[in-house]
Amino acid sequence: MALIDPKPKAFPRSTAAVEAANGETPALTPFSSPPVSGEGKEGLPPLDPSKLRSIPEFDLYLFNRGEHRRAHRLFGAHLVEGGVRFAVWAPNAQRVSVVGSFNNWDRNAHPMERRGSTGVWECFIPHLGHGLYYKFAVQKKEGRWEFRGDPFARMLQNDNNRTPMFVETYYEFKYPKVPMGDKFAGPLNVYEVHPLSWRFKNGRPLSYHELIEELVPYVKYMEYTHVELMGILEHPYVPSWGYQVIGFYAPTSRLGTPTDFKRLIDAFHREGIGVLLDVVLVHFPNDATGLARYDNDVHLFECPIPERRHTPWGTSYFDFARNEVKSFLISSLFHWIEEYYIDGFRFDAAGQFHYYEFSSAQKYEDFLRKYGNCHNPEGFRFMQSMNWAVKQEHPETLLIAEDSTIADGVTRPVEHGGHGFDLKWDLGCTSHMMKFFRAPFSRRSAVYNDLTYPMLYHHTENFLLPLAHDEVVHMKRSMVNKTEDLSDFDKFANCRLLYLLQFGYPHKKLLFMGQEFGQKSEWNAEAPLPWESTWDHLHRSLQWYVKRLNEVYKYVPAMHQGDNIRNGFEWIECQNYRHLILAFLRYDREYHDLVVYLINLSKQHFPEFRLGVPRAGKYYKVLDTDAREFGGNGHNWINEYEAVSHPAFHHPYSFVTNLLPLHGMLFRYIG
């Protein structure tokens, strides 16, 4: 797999930079690439260290324009020559000062200076270094003082006050990023992990250091290409799964320091495993330790329109029309890409960038009557500019949208009018699959079409098919327990069919932790996975099956190269609702490599099932869900078949195989 060096790129000497250097008003394009003053400008003299104590005017101009991509290098707390520079955006504040362990939290000790009409406050405090605790004392209009956290904090103390810590986060990465050579034709198989509940030690979650020793080799052993980390951005409430963020620049300190987290990412890269970060840039909690009502009692980061303020979860939508909020959010992505070598992002609730959702039907109807539709035009434009910015400077970064709307163009490039994401979670396909497997076994014929319908639209976007955390909570049952009225043995056979079907569909793949070994209980974010169950034969065999499935997927081109090509997927049998049989073909990009899937979702036995195929010759059975090594009976021991000139299922050739109850097989054409 090709590797690249993801170090921050030196900015080009743009027209805007030249004009600013000459004292002229910069002319910026809507998607311009603004430089941080004094960085990467060839031919310009280096900045006087004393001037680093104050944010350059040009950077403030870009921040206020919503065009700054690296505001995190200027705002918050930064070590400069002789001390620490503090800066915060609080345009409605009457006064602001820096308080902390170094001045006994005295708000009169270090007042900050307002930078004109920019809304930015800053101050330089000499003789300070790393290791201090601090906050900003903000005086609101009515004269009341509040101690507020730093929106750009790189580490937050893990207590009720969530006090920012000024810590050294420099780490020299030893291994470069691991991008996909081809985002659409290459294998992408993601292990979704919530590190706070993956495994415990002495009654607590494993630390970043301990995850290096246990999680990294496990993901490597299981043959996943990527890991997606949930709940990393600092959040106050663990049962929120990390989706109520207060630290958009800070990895959770529950597991260690920012440097420890960088070591974990470096360890994944050492093993050739890409790291995806689960982020929330649509909303934030109404938590006093975060962004809520930061410098006044109404809104700053929040959407100012009352009907558009709150999400269905009771959190607040960001004000995407506010330029400074745009700079804040886009800079957060660049922070994780450049400072932490993150390979990509999964954007939670990405559909709400462009479409408002409501907590009740009444609120939805009231909104429609007043505004005519539920579209979020400001959020849509922000989403495009965000994706454009990342693609312009870091095209290797994967951008994955969790978008449950029916909007068109989610994975179409911004320059072609699309949203600009690389992949979209196919929640529709997941929903149809779960409807089939959650149905009582006796009703399977009635929901058979739920397994075939998603293939009518699979070519409209670049899809990823998730069997994610949302599917194993809130009484939806775990994957192995989806179909209740089965014996334990049949439940595991059923689960193996579910995974084979997922790997057969023309999507990239994702599986939530614990489901690879058949966790029976639903996921609990405050408890570890039941690893003791892997001592049981059926659980251990399912784990081995998932490993082999991952391995085959990675190395067989037809299983991933044809995801986004015309006729890369082709049905053989998709109408047999009486016998509950599915069969289909998958091709690689050159239509040379060919694999055939045959799946029996019933308890009927077909000892001489004739399967139609497009080519004569030999077909090798790559995977058999009934194999003894996977926890099955091992009743079909024939591995090689010869397709002869005997028409079947609209194909000129066919071969006969023994199709067992709840049985699936994967064949590869070998000529």
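The values are calculated or read from the model by the stated rules, or taken from the named source; none is laboratory data. Only a predicted model underlies this, so the values are computations on that prediction, with no experimental measurement involved. Every residue, glycine among them, receives a Cβ derived from its backbone with ideal geometry; neighbour counts consider all protein chains shown.
Here SER404 fulfils each of the conditions (1) small (Gly, Ala, Ser); (2) in contact with a His (Cβ under 7 Å, 6 or more places away or on another chain); (3) at pLDDT below 95 apart from (2).
Within the stretch 274-298, the residues that satisfy the criterion of being in a loop (DSSP other than H, G, I, E, B) and crowded, with 20+ Cβ neighbours inside 10 Å are VAL280, LEU281, VAL282, PRO285, THR289, GLY290, LEU291, TYR294, ASP295. Among the residues of the stretch 178-188, is any assigned to a strand (DSSP E or B) and of a type outside the set (Ser, Thr, Tyr)? So far as the stretch 178-188 goes, no, none of its residues is assigned to a strand (DSSP E or B) and of a type outside the set (Ser, Thr, Tyr).
Here LEU666 meets the list (1) within 19 Å of CYS495 (Cβ to Cβ); (2) hydrophobic (A, V, I, L, M, F, W, C); (3) more than 40 Å from the chain's Cα centre (by Cα) almost entirely, failing just condition (3).
Scanning the stretch 135-168 for residues that are closer than 14 Å to GLY290 by Cβ, at pLDDT 95 or above and in a loop (DSSP other than H, G, I, E, B) yields GLY149, ASP150, PRO151, PHE152, ALA153. Could you tell me which of the residues LYS262, LYS220 is at pLDDT 95 or above, over 18 Å from the mean Cα position of the chain (by Cα) and either under 22 Å from ILE400 (Cα atoms) or assigned to a helix (DSSP H, G or I) (or both)? Going through LYS262, LYS220 in turn, the sole match is LYS220.
How many residues does the stretch 209-242 hold that are of a type outside the set (S, T, N, Q) and touching a strand residue (DSSP E or B) at 6+ places or on another chain (Cβ under 8 Å)?
Of the residues in the stretch 209-242, the ones of a type outside the set (S, T, N, Q) are 209-224, 226-239, 241-242.
Add one more test, that the residue is touching a strand residue (DSSP E or B) at 6+ places or on another chain (Cβ under 8 Å), and what stays is 210, 215, 219, 222-224, 226-235, 242.
Of the residues in the stretch 209-242, 17 are of a type outside the set (S, T, N, Q) and touching a strand residue (DSSP E or B) at 6+ places or on another chain (Cβ under 8 Å).
Suppose the filter is out of contact with any helix residue (DSSP H, G or I) (no Cβ under 6 Å at 6 or more places or on another chain), modelled with pLDDT under 95 and surrounded by fewer than 20 Cβ atoms within 10 Å (Cβ to Cβ); does TYR237 pass it? Yes; evaluated as a whole, the condition is true for this residue. Within the stretch 318-332, the only residue that satisfies the criterion of being out of contact with any helix residue (DSSP H, G or I) (no Cβ under 6 Å at 6 or more places or on another chain) and either more than 21 Å from VAL298 (Cα to Cα) or modelled with pLDDT under 95 (or both) is SER332. Quick one: is VAL656 touching an Asp or Glu at 6+ places or on another chain (Cβ under 7 Å) and either among the β-branched types (Val, Ile, Thr) or outside the structural domain of PHE606 (by TED's automatic domain parsing) (or both)? Judged against the criteria, VAL656 is a match.
When we screen TYR175, TYR191, TYR171, TYR221 for residues that are within 30 Å of PHE86 (Cα to Cα), touching a residue at least 24 places away in the same chain (Cβ under 8 Å) and of a type outside the set (Lys, Arg), the only hit is TYR171.
From the list PHE58, PHE124, which one is within 38 Å of the chain's Cα centre (by Cα) and more than 22 Å from MET165 (Cα to Cα)? Working first, answer last.
Working: PHE124 fails: more than 22 Å from MET165 (Cα to Cα).
The conditions single out PHE58.
One residue alone among GLU484, GLU471, GLU461, GLU516 is at pLDDT below 95 and not assigned by TED's automatic domain parsing to the domain that holds TYR577, and that residue is GLU484.
For the stretch 540-585, taking the residues that are over 21 Å from GLY186 (Cα atoms) and of a type in the set (Gly, Ala, Ser), the one that is surrounded by the fewest Cβ atoms within 10 Å (Cβ to Cβ) is identified as SER541. May I ask you to list the residues in the stretch 612-653 that are in contact with a strand residue (DSSP E or B) (Cβ under 8 Å, 6 or more places away or on another chain), within 21 Å of TRP544 (Cα to Cα) and surrounded by 16 or more Cβ atoms within 10 Å (Cβ to Cβ)? Of everything in the stretch 612-653, those that are in contact with a strand residue (DSSP E or B) (Cβ under 8 Å, 6 or more places away or on another chain), within 21 Å of TRP544 (Cα to Cα) and surrounded by 16 or more Cβ atoms within 10 Å (Cβ to Cβ) turn out to be LYS621, VAL622, LEU623, ASP624, THR625, ASP626, PHE630, GLY632, ASN636. Checking each residue in the stretch 599-611 for being out of contact with any Ser or Thr (no Cβ under 7 Å at 6 or more places or on another chain) and crowded, with 22+ Cβ neighbours inside 10 Å picks out ILE599, ASN600, LEU601.
For the stretch 177-214, enumerate the residues that are under 14 Å from LEU276 (Cβ atoms) and of a type outside the set (Asp, Glu). Please lay out each step first, then the result.
Filtering the stretch 177-214 for residues under 14 Å from LEU276 (Cβ atoms) gives 177-180, 183, 188-195.
Passing the criteria: LYS177, VAL178, PRO179, MET180, LYS183, LEU188, ASN189, VAL190, TYR191, VAL193, HIS194, PRO195.
Picking from residues in the stretch 516-532 that are small (Gly, Ala, Ser) and surrounded by fewer than 19 Cβ atoms within 10 Å (Cβ to Cβ), the one that is nearest to PHE492 (Cα to Cα) is SER521. Taken over the stretch 52-65, the residue count meeting the criterion of being under 20 Å from ALA153 (Cα atoms) and either among the hydrophobic types (A, V, I, L, M, F, W, C) or assigned to a loop (DSSP other than H, G, I, E, B) (or both) is 5. Would you check if TYR243 is at pLDDT 95 or above and touching a helix residue (DSSP H, G or I) at 6+ places or on another chain (Cβ under 7 Å)? Against the criterion (at pLDDT 95 or above and touching a helix residue (DSSP H, G or I) at 6+ places or on another chain (Cβ under 7 Å)), TYR243 does not qualify. Taken over the stretch 412-429, the criterion of being of a type outside the set (Asp, Glu) and either within 20 Å of TRP571 (Cβ to Cβ) or surrounded by 22 or more Cβ atoms within 10 Å (Cβ to Cβ) (or both) is satisfied by HIS419, GLY420, PHE421, LEU423, LYS424, TRP425, GLY428, CYS429. Of all positions in the stretch 203-212, at least one carries a residue that is of a type in the set (Phe, Trp, Tyr), over 28 Å from VAL552 (Cβ atoms) and crowded, with 23+ Cβ neighbours inside 10 Å. Here the condition is being out of contact with any strand residue (DSSP E or B) (no Cβ under 8 Å at 6 or more places or on another chain), within 25 Å of TYR175 (Cα to Cα) and in contact (Cβ under 8 Å) with a residue 40 or more places away in the chain; of THR257, THR252, it holds for THR257 alone.
If you go through the stretch 630-652 one residue at a time, do you hit one that is among the hydroxyl-bearing types (Ser, Thr, Tyr) and within 31 Å of the chain's Cα centre (by Cα)?
no
Out of GLY116, GLY129, one residue alone is assigned by TED's automatic domain parsing to the domain that holds GLY76, in a loop (DSSP other than H, G, I, E, B), over 31 Å from the mean Cα position of the chain (by Cα) and at positive phi. It is GLY116. Looking across the stretch 32-83, just one residue is of a type in the set (Lys, Arg), more than 20 Å from VAL390 (Cα to Cα) and modelled with pLDDT of 50 or more, and that is ARG53.
For SER431, state whether it is at pLDDT 95 or above, part of a helix (DSSP H, G or I), more than 21 Å from the chain's Cα centre (by Cα) and not aliphatic (A, V, I, L, M).
Considered against the rule, which asks whether it is at pLDDT 95 or above, part of a helix (DSSP H, G or I), more than 21 Å from the chain's Cα centre (by Cα) and not aliphatic (A, V, I, L, M), SER431 comes out as no.
Please enumerate the residues belonging to the stretch 383-408 that are of a type outside the set (A, V, I, L, M) and either surrounded by 21 or more Cβ atoms within 10 Å (Cβ to Cβ) or within 23 Å of TYR317 (Cα to Cα) (or both). Hits for the stretch 383-408 are GLN384, SER385, ASN387, TRP388, HIS394, THR397, GLU402, ASP403, SER404, THR405, ASP408.
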